Amino acid sequence: MTAVARAFVPGHVTGFFTVDRDDDPTKAGSRGAGLALSEGVTVTVRRADATEVTLNGETVEIEAVERVLAALEATVAVRGVTDLPVGSGFGVSGAMALGAALATNDLLDRRLSTYELATVAHGAEVQAGTGLGDVVGQLHGGVPVRLEPGSPQHNRMDAVPARSRVEFQTFGELSTSDVIGGDTDPISTAGERALSRLVEEPTLERLLGASRQFAREAELLPDRVYEVVTDVAEAGGEATMGMLGRTVVALDTGLTDAGYDPTVCRIDPTGATLLDPPAERSLPE
């Protein structure tokens, strides 16, 4: 009997998005594009008498994770570890939900497919109001382009065929639920334009350019983020805002060349995956 199961889920920064609502949370979501990052969340699940969720050693309440466990009828301890900033546009809640789904399925032998598990996690994120497309991007890895909304069982995907070093720097949080819970028509209109631009020329440079224009048109661009993106452009680099956070994401050495001290990673090529369980002596308490 398996005592513990682990999964790694890449972080995901969205460049632009629409808001597509539906009474069925697995069909709701967004169209858009972003980057899956080699920095992500490692989720460990073990059997327990009562459900407990921790992130970086702190007990937390993550509604999307709770909904995943309820759907899988699981009472387990979920432990997430990440170096990513929380609440800053890196899809940490989606990573926790998807990682919990993958690891719990493995631990308890629920025998669901990867797409079924991602659909559970995506629906949980939508119902929690903490994300509309991160789970889909995190499942696929790379530079995913969501052509239709919804979970992997409902949407249609493409991708930009590219790899790159990525730098990012965060200057604070933004509330995803506040943004997607209000009037989202301007956001969706700007997102549709951005998606059309990217589909015409599916390159990383076009993605970041479309993202910058989206942020302006949707009026989501904080002053500090605008200043840093401008600094990167003046240094000859490519950067944009990571949705939704006060976060700047740049290709190659864009932030470094502009005089900042960013975190460095790469585009994750594989997406969410199960990991070998840790040695028995290193099981989380």
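The values are calculated or read from the model by the stated rules, or taken from the named source; none is laboratory data. Keep in mind it's a predicted model, so treat the numbers as computed, not measured. Please note: Cβ atoms are built from the backbone with ideal geometry, for glycine as well, and neighbour counts cover all protein chains shown. With ligands, DNA and RNA removed, areas are computed over all heavy atoms of the protein, side chains included. Shrake-Rupley method; radii C 1.70, N 1.55, O 1.52, S 1.80 Å.
Could you tell me which of the residues Glu58, Glu63 is over 30 Å from Glu192 (Cα atoms), charged (D, E, K, R) and open to solvent by 50 Å² or more (accessible area, probe 1.4 Å)? When all the criteria are applied, what remains is Glu58.
Return the residue satisfying two criteria in turn: it lies in region 178-205 and is farther than 15 Å from Ala33 by Cα and aliphatic (A, V, I, L, M), and of such residues it is least open to solvent (accessible area, probe 1.4 Å). This residue is Ile180. Close contacts from region 254-275, counting a first residue that is under 17 Å from His12 (Cα atoms) and assigned to a strand (DSSP E or B) and a second that is of a type in the set (A, V, I, L, M) and open to solvent by 20 Å² or more (accessible area, probe 1.4 Å), with Cβ to Cβ under 8 Å and a gap of 6+ residues or different chains, come to Ile267/Ala162. Once region 224-242 is narrowed to residues that are in contact with a Lys or Arg (Cβ under 8 Å, 6 or more places away or on another chain) and part of a helix (DSSP H, G or I), the residue that is least open to solvent (accessible area, probe 1.4 Å) is Val225. For region 243-253, what are the residues that are in contact with a helix residue (DSSP H, G or I) (Cβ under 9 Å, 6 or more places away or on another chain) and either farther than 10 Å from Val229 by Cβ or assigned to a loop (DSSP other than H, G, I, E, B) (or both)? Result: Met243, Leu244, Gly245, Arg246, Thr247, Leu251.
So, Leu117, is that one open to solvent by 10 Å² or more (accessible area, probe 1.4 Å) and among the aliphatic types (A, V, I, L, M) or not? No. Residues in region 1-29 that are of a type in the set (Gly, Ala, Ser) and more than 17 Å from Leu102 (Cβ to Cβ): Gly15, Ala28, Gly29. Within region 206-223, identify whether any single residue is in a helix (DSSP H, G or I), crowded, with 23+ Cβ neighbours inside 10 Å and in contact with a Lys or Arg (Cβ under 6 Å, 6 or more places away or on another chain), and answer yes or no. Yes. Restricting the search to helices (runs of 4 or more DSSP H) fully inside region 70-187 and requiring at least 3 residues that are in contact with a strand residue (DSSP E or B) (Cβ under 6 Å, 6 or more places away or on another chain) gives 92-108, 134-140.
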